[in-house]
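Worksheet: the structure to be examined is printed underneath.
Values in this text are rule-based calculations from the coordinates and carry no lab data. Source: prediction; values computed, not measured. Note: ideal-geometry Cβ built from the backbone for every residue, glycine included; neighbour counts use all protein chains shown.
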Amino acid sequence: MTPDPTSASSSSPSRSRSPARGPYATVVSDYDFEYYDETIDRHIGLRPVDLERDLGRLHAWLGSDHVKPYWQLDEPLPEFRTTLREKLADDHQTLYVGCLDHVPVSYWERYWVAEDDLAAHYDADPADQGVHLLIGPEEYLGQGYGTALLRAMIAFQFRHPETLRVVAEPDARNDAVLAAFERCGADLRREFEFEAEAKTARLVVCERERFEREVWPPTDGAAARQAEVSDDD
């Protein structure tokens, strides 16, 4: 059961598209989810991965020194083409590229936990969604962009009306990702041996109620406007 980005309608008013910078700025795109995040002064967009469009980009990102220890997908390009094709054909997950101001900077796997190996490690609900993530270009690390992008993905996942939890199993050594989840309102729970991915993982759970009460929509302070959210249908 692939997560359906159209299962919930946008609550934002309809606005004409404009390429200008600002809270309503967009370009013609194939984003499934997009909004302007005032906390980082950037447009955020999430679009589905396309094999030919993204193969080289994802191959380079997964071969980066800051990614390899956690993803272990540093494969020769022909092998990675097969890996990515298989991932795209797996109907329990959907792959996304996350963009800042329309520049691709991140990779995401959004999946149904009940159909994943993670379900054996906690009491999974059929509507729980999981997420894997990475930031590709090193120049985007350490500036708060990862938290903003993760916040956007979680908001996107909660647009499915039956999903009450977003769950993850990051490597227990990955302090940066764990901190980003905490800033998005998630609880860091127990560590466990995740044999399916040959790692010691940390169970991370983000509850819809807390996320919508404390985290979403983001603002940059008392004077900030709420972020505008839109779908590109």
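Of Tyr145, His121, Tyr70, which is farthest towards the positive pole of the range 33-164's charge dipole, taken about the Cα centre with +1 and -1 on the beta-carbons of Lys, Arg and Asp, Glu respectively? Most positive-ward Cα: Tyr145. Summing Cβ point charges (Lys, Arg +1; Asp, Glu -1) relative to the Cα centre of the range 41-158 gives a dipole of roughly 400 debye. Debye-formula intensities of the range 148-211, expressed as log10 I(q)/I(0) at q = 0.16, 0.18 Å⁻¹, are -0.51, -0.64 (one equal scatterer per alpha-carbon, no solvent). Packing-based ranking of 106-116, 171-181, 190-200 yields 106-116, 171-181, 190-200, ordered from highest to lowest mean Cβ neighbour count within 10 Å.
Taken along the Cα-to-beta-carbon direction at a fixed 7 Å, the label points for Trp71 and Asn174 span 1.0 nm. Separation of the range 142-211 and the range 67-84, taken as the distance between their Cα centroids, equals 22 angstrom. Over all pairs of different C-alpha atoms, the range 100-147 has a mean inverse distance whose reciprocal, the Kirkwood radius, equals 12.7 Å. Shape annotation for the range 125-168: C-alpha extents along the principal axes are 37, 14, 11 Å, from largest to smallest. Principal axis analysis of the Cα atoms in the range 35-94 yields extents of 40, 29, 21 Å, listed in decreasing size.
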